[in-house]
Amino acid sequence: MGKLFILCAFLFHFLSSANAQQMATDVITPSMKYGKPSEEELKMDTYTPDTAATAVVLYSKTTARYDLIHNDFRLVYTYETKIKVLKSEGTSYADIIIPYYSNEKSSSIKENITQLDASAYNLENGKIVRTKMKRDLVFEERFNKSYMQIKFSIPAVHEGTVFEYKYQLSSDLYYRINHWEAQRSIPVLHTQYDITIPEYFQFNLDMRGSNFLNPKDQSESISYTIQYQGGQTEQLICTGRHLSFVGKQLPALRPDKYTWCADDYLSGVGFELRGISFPGSLYKSFTNTWESIDKMLLEDEDFGSLLKMRNPYRDEMASLSLDKLTDRQDKIAAIYTFLKKKISWNGQYGLYGNEVRKAVKNGTGSNAEINFVLMSMLRDAQIPCYPAVMSRKNLGILPLSHPSIQKLNTFVVGIADTDSTFVFLDGSVTDGFMNTLPPVLMVDRARLLSKADGGNWIDLSNLGKNQIRSAVNAQIHADGRITGTRQTGYTGQHAANFRKNYHAAKDSAEFITKLETEENIKVKKFSTTGVDAFSPTVRENLEFEKQANVNDELIYINPMVFMHVSKCPFTQAERQLPLEMPYAEQIILVTNLTIPEGYAVDELPKPMNAYTEDKQGFCRYLVHQNGNQLVFTYSFSSNKLIYLINEYKGVKAFWELIAEKNNEILVLKKI
């Protein structure tokens, strides 16, 4: 028996090893020499570990070093990348954009791109043909006030092409090392990063992501030449910290609509300057705290100074008769409604208000510019208000351990509703209300700033109530027609979504036509209240007709009439990213159906209670019959906003069960 066990174990090990070797041989070994693609790379037509990949990074090499130029340090980065196009959609990766720092107001500190080179390689009649990119295909343009960008599209790239490019970036920002991202939205066969940091600069190292990057940390000697006036020179010898990282066969991390910022989860390395210590000078700390960043913002002339700006509409606000309103939320609503008639949101988010006067003059501005004006109006009305600074969800999580003012990119306004509670508003709100912010701003980490108290962490991820309550009363006819009414109240985010869709339509007729198509109904009458109001709720009333399936003596009906969900929204077998819900919500649907005379229930859906494993999501389906009256009560609640990767299968199974229940059929039989 023991020998049999050993033999089975040996066979298992042999087969496993053989399978692993087979998988390894399915993945090519890329040529690491620039300008020397292999024939094997050009003949490659699929990537076995990820057959859906449209392209694959064959290798990516990044090096960074400190040079001493004119007795001042400079960071020099060298980038090399080679990519194989597997499908026609993968040609988009040959469209390259390289941003670099170049402040339009100052040229004393800047970055430069040099030594740019790019080529495409194709197999033609069994020979490798190179197409080198010409300089006239490279374009340079300003991206914003602080950054320029170089753009180019590598020519002769199509399905089957191997292309490569390289460039050098020289940066005066020697105190800020660029983050290195090992992982991409397409698979990466080989990636490596090497950097040597002189002992004078101390950086905190932040490795992130779930993929192993084989880090190495070694010391080495570095030599620099110092030049003095008169032409004299001196050799400066110091110790350098040489860091290297290598990643192999990294999977693609593809963004999707259920993750706000996939970059938060990319494997890579970040650096944060802790301090600088040059020979003969005192150590200078650069470690930031969120408290120090609060202070910097409050003292900034384009931020803190604007918290005391004069209300540009002070005289006109008298027409609002705020003294006649006793409820503070009514005053806030009146002020915001008045402001939005004066300044419209231009679709841009911002943090600073250096062009707030221009926004007032032109009647349009960023959310930050509108927010500064809003706060000036609220202060005039004696309503306390404060900025809540943040990073928008689609731009990444605000770090707790590595504070950085560069991570902040916008703010919303926290308004004292009572002595102890706040409501939140933002200049970008067009369809929402107080505490009904655009989901991209509903972060779990923001800093509420005030001159007196400094900054405090607040959670904006679960503001207000987001609910749909709908009641359907309908009559089933013998010919299968269903006629009746639906009365629905939309609250919070659902009200905002209703308004957004309503206003996106050309007119109410187009909105109704779309509703008829989506719900497979004929609308007889339709009306809404609150759709153009600054309020938390929209109400909708409609009279409808719908056709059920009729077969001989049977009528087949979906008893919900208006389904919550027709299919499970999650189709992936597995996920590499967490599942991020936009907001918590509740849905309550009550359907009353009257059975036609001469018919009886033949098949009736069964009641159901379903929960997620953590009980943060539930769905209840109740059925009640009283004579020829059927009542179906459907309740859904989802309170959890982030599900980890290992929770995905459970969430997927929960939604599959919900979708199945939504599609169940009531069968009526003629008697």
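The values are calculated or read from the model by the stated rules, or taken from the named source; none is laboratory data. Computed from a predicted structure; not experimentally measured. Cβ atoms come from the backbone with ideal geometry, glycine included; neighbour counts cover every protein chain shown.
Could you list, in sequence order, all residues of segment 160-175 that are surrounded by 15 or more Cβ atoms within 10 Å (Cβ to Cβ) and in contact with an Asp or Glu (Cβ under 9 Å, 6 or more places away or on another chain)? Within segment 160-175, GLY160, VAL162, GLU164, TYR165, LYS166, TYR167, LEU169, SER170, SER171, ASP172, TYR174 qualify.
Quick one: is LEU137 touching a strand residue (DSSP E or B) at 6+ places or on another chain (Cβ under 7 Å) and surrounded by fewer than 14 Cβ atoms within 10 Å (Cβ to Cβ)?
Yes, satisfied.
A single member of LEU253, LEU266 is farther than 23 Å from ARG176 by Cβ and of a type in the set (A, V, I, L, M), and it is LEU253. When ASN122 is tested against (1) in contact with a strand residue (DSSP E or B) (Cβ under 8 Å, 6 or more places away or on another chain); (2) more than 30 Å from SER277 (Cα to Cα); (3) at pLDDT below 95, just one condition goes unmet, and that condition is (3).
Could you name every one of the strands (runs of 3 or more DSSP E) located completely within segment 378-451 that has at least 1 residues being under 18 Å from TYR336 (Cα atoms) and at pLDDT 95 or above?
Here the list reads 385-390, 410-416, 422-425.
Taken together, ILE226, ILE177, ILE197 contain a single residue that is of a type in the set (Val, Ile, Thr) and touching a Lys or Arg at 6+ places or on another chain (Cβ under 6 Å), which is ILE197.
Checking PHE526, PHE534 one by one, the residue that is over 19 Å from ASN473 (Cβ atoms) and either surrounded by 15 or more Cβ atoms within 10 Å (Cβ to Cβ) or out of contact with any Phe, Trp or Tyr (no Cβ under 6 Å at 6 or more places or on another chain) (or both) is PHE534 and no other.
Residues that are among the β-branched types (Val, Ile, Thr) and in a strand (DSSP E or B) were ranked within segment 24-69; the one that is modelled with the lowest pLDDT is ILE69. Residues that are of a type outside the set (S, T, N, Q) and more than 21 Å from PHE411 (Cα to Cα) were ranked within segment 302-321; the one that is surrounded by the most Cβ atoms within 10 Å (Cβ to Cβ) is TYR313.
The single residue among VAL531, VAL590, VAL550 that is in contact with a strand residue (DSSP E or B) (Cβ under 9 Å, 6 or more places away or on another chain) and within 14 Å of TYR490 (Cβ to Cβ) turns out to be VAL531. Among the strands (runs of 3 or more DSSP E) confined to segment 178-286, the ones with at least 1 residues that are more than 37 Å from the chain's Cα centre (by Cα), more than 21 Å from LEU398 (Cβ to Cβ) and in contact (Cβ under 8 Å) with a residue 40 or more places away in the chain are located at 216-227, 233-250. Listed by first and then second residue, the pairs linking a residue in segment 83-102 that is in the same structural domain as THR191 (by TED's automatic domain parsing) to a residue that is in a helix (DSSP H, G or I) and at pLDDT 95 or above, with Cβ atoms under 7 Å apart and 6 or more places separating them unless they lie on different chains, are ILE83/TYR93; LYS84/GLU41; VAL85/THR91. State whether one or more residues within segment 123-139 are in a loop (DSSP other than H, G, I, E, B) and in contact (Cβ under 8 Å) with a residue 40 or more places away in the chain. No.
Here's a check for you: in segment 338-356, which residue that is assigned to a helix (DSSP H, G or I) and in contact with a helix residue (DSSP H, G or I) (Cβ under 9 Å, 6 or more places away or on another chain) is surrounded by the most Cβ atoms within 10 Å (Cβ to Cβ)? Among residues in segment 338-356 that are assigned to a helix (DSSP H, G or I) and in contact with a helix residue (DSSP H, G or I) (Cβ under 9 Å, 6 or more places away or on another chain), the one surrounded by the most Cβ atoms within 10 Å (Cβ to Cβ) is VAL356. Out of everything in segment 322-337 that is hydroxyl-bearing (Ser, Thr, Tyr) and either in contact with a Lys or Arg (Cβ under 7 Å, 6 or more places away or on another chain) or surrounded by fewer than 16 Cβ atoms within 10 Å (Cβ to Cβ) (or both), what residue ends up being farthest from LYS393 (Cα to Cα)? Among those that are hydroxyl-bearing (Ser, Thr, Tyr) and either in contact with a Lys or Arg (Cβ under 7 Å, 6 or more places away or on another chain) or surrounded by fewer than 16 Cβ atoms within 10 Å (Cβ to Cβ) (or both), it is THR326.
Regarding segment 274-289, can at least one residue be identified that is more than 23 Å from LYS341 (Cα to Cα) and in contact with a helix residue (DSSP H, G or I) (Cβ under 9 Å, 6 or more places away or on another chain)?
Yes: one or more hits.
Among the residues making up segment 266-281, those that are modelled with pLDDT of 85 or more and hydrophobic (A, V, I, L, M, F, W, C) are LEU266, VAL269, PHE271, LEU273, ILE276. Taking segment 92-122 as the search range and keeping residues that are in a strand (DSSP E or B) and charged (D, E, K, R), which one is surrounded by the most Cβ atoms within 10 Å (Cβ to Cβ)? Across segment 92-122, the extreme among qualifying residues is GLU111.
Let's see how each residue does on (1) over 25 Å from the mean Cα position of the chain (by Cα); (2) in the same structural domain as LYS522 (by TED's automatic domain parsing); (3) at pLDDT 95 or above:
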{"position": "GLU553", "(1), (2), (3)": "yes, yes, no"}
{"position": "ILE557", "(1), (2), (3)": "yes, yes, yes"}
{"position": "VAL561", "(1), (2), (3)": "yes, yes, yes"}
{"position": "VAL565", "(1), (2), (3)": "no, yes, yes"}
{"position": "THR571", "(1), (2), (3)": "no, yes, no"}
{"position": "GLN576", "(1), (2), (3)": "no, yes, no"}
{"position": "ALA584", "(1), (2), (3)": "no, yes, yes"}
{"position": "THR591", "(1), (2), (3)": "yes, yes, yes"}
{"position": "TYR599", "(1), (2), (3)": "yes, yes, yes"}
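Taking segment 643-659 on its own, how many of its residues are β-branched (Val, Ile, Thr) and at pLDDT 95 or above? Selection size over segment 643-659: 2.
Answer yes if at least one residue in segment 649-658 is in a strand (DSSP E or B), of a type in the set (Gly, Ala, Ser), in contact (Cβ under 8 Å) with a residue 12 or more places away in the chain and under 26 Å from ASN466 (Cα atoms), and no otherwise. No, the conditions are met nowhere in segment 649-658.
Selection of segment 465-479 for residues being crowded, with 21+ Cβ neighbours inside 10 Å and part of a loop (DSSP other than H, G, I, E, B) yields only ASN466.
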